[in-house]
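> Right, I'll just put the structure down here and ask away after.
The values are calculated or read from the model by the stated rules, or taken from the named source; none is laboratory data. Just so it is clear, the model here is predicted, and its values are computed rather than measured. For neighbour counting, all protein chains shown are included, and Cβ atoms are generated from backbone atoms with ideal geometry for every residue, glycine included. Note: areas computed on protein heavy atoms with side chains; ligands, DNA, RNA excluded. Shrake-Rupley method; radii C 1.70, N 1.55, O 1.52, S 1.80 Å.
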Number of protein chains: 2
Amino acid sequence: MTPPVFAHGSLRLYLLALLEERPRHGYELIQALSDRFGGTYSPSAGTIYPRLSKLEEEGLVSKSTDGRKTVYEITDAGRAELDARRGELDGIENEVTDSVRRLADGVRAEVNGAMRSLRAELASAAREAKRSATKAPASASGGTSSTGWGGDARAESSRAVHEIDLVLSEFRQQLRTDLRTHASHGRVTPESVTLLRARLAQVRADVMATLTDH
Amino acid sequence: MTPPVFAHGSLRLYLLALLEERPRHGYELIQALSDRFGGTYSPSAGTIYPRLSKLEEEGLVSKSTDGRKTVYEITDAGRAELDARRGELDGIENEVTDSVRRLADGVRAEVNGAMRSLRAELASAAREAKRSATKAPASASGGTSSTGWGGDARAESSRAVHEIDLVLSEFRQQLRTDLRTHASHGRVTPESVTLLRARLAQVRADVMATLTDH
DNA sequence: ATCGCACACGCGATATATCGCGTCACAGAC
DNA sequence: GTCTGTGACGCGATATATCGCGTGTGCGAT
């Protein structure tokens, strides 16, 4: 039901990036992630610790105990891995931001539903007024996707896809900055939105044309 | 903040009573308590484990490890203590039930409050959707000031910015999916990247123009 | 009687680690 | 080219343990 916030290799890389800033222990990383993504998303311990274990097993981080804390530090191998994939990082940040926003929207809807059932339950409880009932939560997961790599003949294609990702990322960043600037003095009208939507649809069609035309 | 559910010696005794039924491990006790009191109240690990340690220290329960679980069993001394204070148990059960009820009322109030603000937010979102999507047949006249909240223009601008964010997000998602599909059979050339870059720059310029043109 | 204060207690926050489910990507089978 | 299984992965649930804050309780001093 709730789609994962981090795509397949993303958490691994992001953790490495956080540890590059400075050594941290597990709980600290959980908080750091929670902070960076508005508190709406908090990675669970079951997400962080297995990943850290894996990273240590791979030799990308080293572990050392400090009282009841377990401090993780990035190794040279870790820094190398990070350097090699530095470009993916900003893409990940944007992706996660998107996921979190979708998640927040989902939560809003869920709360609506939960409220309905709660109201029903309270009404029922008032009617009976002597017996109690039990409740049960729920959970699941879903999915998104992202970067693909690894071929040989398709290397160029992959590179191109990845670069498009970067271009998109940059474009979004720029437009956001532009809008923030102009929104403070002067205003952004719905017409801008409409225009943007139309133009992007056109761009998409044109780009697709270059793909199918050969 | 929230008043304790269990009065001073109550948890200790209740734990003993639960262990008299059968040996249990810590987490099991947490769940048992959560079950008995309607799920509204879940004692935290920080409540249970120190108490269990204390009980063991006093020799009222004995501890034994089973895999990653720590099973607690009542001792003769524990049964003696329980027999001596059997009378208090009913009182405790009632007391706790009352506490939980009060707590549930508090939650209900809180949720109600949260719902109010949520409703407001949803209403706002609905207004936004209506304003930008529908080209409203009549009704909407010019006068934005006087009644209603001040800074309507600012709010509209903010809403527009948010929506642009959505459009960007969606666009990126779509393009990524498109590329993914076409990248498997057929390929993505650097020309597509170049084209995309150029077209996006143009779009950005055009959108910016709608902002400064007024 | 009552004042006050050490001590026990309840509990959320802090901290760590594993298990099992569902999903996704990738490789090899076809 | 499509189908498939399998392994890695994200993540909630399970499981345990400690720290520190606020409060209530009981006892000795007043």
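> Which distance in Å, rounded to a whole number, links the C-alpha centroids of segment A:2-41 and segment B:63-98?
41 Å
> Which of the GluC sites (Glu not before Pro) found in segment B:1-89 are in a DSSP loop and have at most 16 neighbouring Cβ atoms, other than their own, within 10 Å?
Loop-located and lightly packed - B:GLU58.
> Still on this structure, please answer the following. Chains B and A: how much accessible area gets covered up at their contact, both sides added, probe 1.4 Å, in Å² to the nearest hundred?
Summing both chains' loss of accessible area gives about 6300 Å².
> Points 7 angstrom from Cα along the Cβ direction at B:TYR27 and A:GLU28: gap in nanometres?
Placing both labels 7 Å beyond Cα along the Cβ direction yields 2.8 nm.
> Grab the other residues whose beta carbon is less than 9 angstrom from that of A:PHE6, score K and R as +1, D and E as -1, and report the net.
With Lys, Arg at +1 and Asp, Glu at -1, the neighbours total 0.
> Just grab the label-to-label distance for B:GLU56 and A:ALA45, each label 7 Å out from Cα along the Cβ direction, in nm (one decimal).
1.7 nm
> Excluding ligands, DNA and RNA, what is the solvent-accessible area per residue of segment B:10-110 at a probe of 1.4 Å, expressed in Å²?
Here the residues of segment B:10-110 average 56 Å² of exposed surface.
> Taking H as built 1.01 Å from N, whose amide H comes closer than 5 Å to the amide H of B:HIS25, not counting residues under 5 places away?
Those qualifying (amide H under 5 Å, at least 5 residues apart or on another chain) are B:TYR72.
> Tell me the net charge near A:PRO50. Cut-off is 14 Å between Cβ atoms, A:PRO50 excluded, with +1 for each Lys or Arg and -1 for each Asp or Glu.
Local charge sum for A:PRO50: +1.
> Next up: Give the carbon-plus-sulfur fraction of the accessible surface of segment B:10-110 in %, rounded to a whole number; probe 1.4 Å, heavy atoms of protein chains only.
Ligands and nucleic acids excluded, carbon and sulfur give 44 percent.
> Place the label 7 angstrom along Cα→C-beta at A:GLU21 and in each other copy, then list the distances from the first to the rest in nm, shortest first.
Distances to the matching label points in the other copies: 4.6 nm.
> In a shell of Cβ-Cβ distance under 14 Å around A:LEU15, excluding A:LEU15 itself, what net charge do Lys and Arg (+1) and Asp and Glu (-1) give?
Neighbour charge sum, excluding A:LEU15 itself: -1.
> Which whole-Hz ³J(HN,Hα) couplings does segment A:33-43 yield from phi under the Karplus relation 6.51 cos²θ - 1.76 cosθ + 1.60, θ = phi - 60°, glycine and proline marked x?
5, 4, 5, 5, 10, x, x, 5, 10, 10, x
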